[in-house]
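Laboratory data are not the source of any read-out in this text; all were calculated from the coordinates shown. What you see is a predicted model, and the numbers here were worked out from it, not measured in a lab. No Cβ is skipped: glycine too gets one built from the backbone with ideal geometry, and neighbour counts run over all protein chains shown.
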Amino acid sequence: MSWYVIYTKSRCEKSVADQLTKSGFEVYCPLLKLKKQWSDRWKWVEEPLFRSYCFVNVEDAEREKVFSVPGVVRYLYFCGKPATIRNKEMDQLKNWLTAYDHESIEVKGLNTNDKIVFKSGALMDQKAEVVDSKGNFALLYLENMGMQVKVDLRKNIVEKLTIS
């Protein structure tokens, strides 16, 4: 069995995950618990970490059965084949979401000139400036060391610094 990435209709991630689970599939829809402000109060809500995506663990021969659930649009493809996620990577994602405060997790791209700080890895607590960012990699300037480094953002937790 492999973990596949499925693309869902907009704002249907949680309902698709629930319906697939009821149909007997192993599904993972990573959710973030965020504090949102309404006009009269604050409220904790769960939002998908990846908009319009869910992960389903299914046998290759059973892949077509997920389309029986309303809201499933298609599988995500990579190099002409359905994209698969290794069990190790799924476990890391699940552990990451349980190990870190959800208020500190934000899915946003890095832009040139953004200031960041490393929250994990060999460069932990180092500050850097984004020189360039493409996909999962960022070229960063470490002022304290006077050098540029290319960093895999999938293997390092970074946080944008807010300028106040």
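Values computed for the structure shown
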| read-out | value |
| --- | --- |
| Above-threshold pairs, the threshold being 28 Å between Cα atoms, out of K14/K43; K35/K150; K35/K81 | K35/K150; K35/K81 |
| On Cα atoms only, tilt of 87-99 relative to the major axis of the chain in degrees | 60 |
| Sequence of T112, T98, T21 once ranked by neighbouring C-beta atoms within 10 Å, starting from the fewest | T98, T112, T21 |
| Relative contact order (%) - the chain, alpha-carbon pairs under 8 angstrom, separation at least six | 20 |
| Geometric extent, Cα atoms of segment 2-104 - Rg, Dmax (angstrom) | 14.9, 50 |
| C-alpha long axis of helix 13-22 to longest principal axis of the chain, angle in ° | 40 |
| Members of K115/K155; K36/K155; K134/K160 lying beyond 27 Å, as alpha-carbon distances in this model show | K36/K155 |
| Within-12-Å neighbourhood charge of V58 [Cβ basis; K, R +1; D, E -1] | -3 |
| Shape category assigned to segment 111-164 from the gyration tensor of Cα positions, a/c cut at 1.5 | rounded |
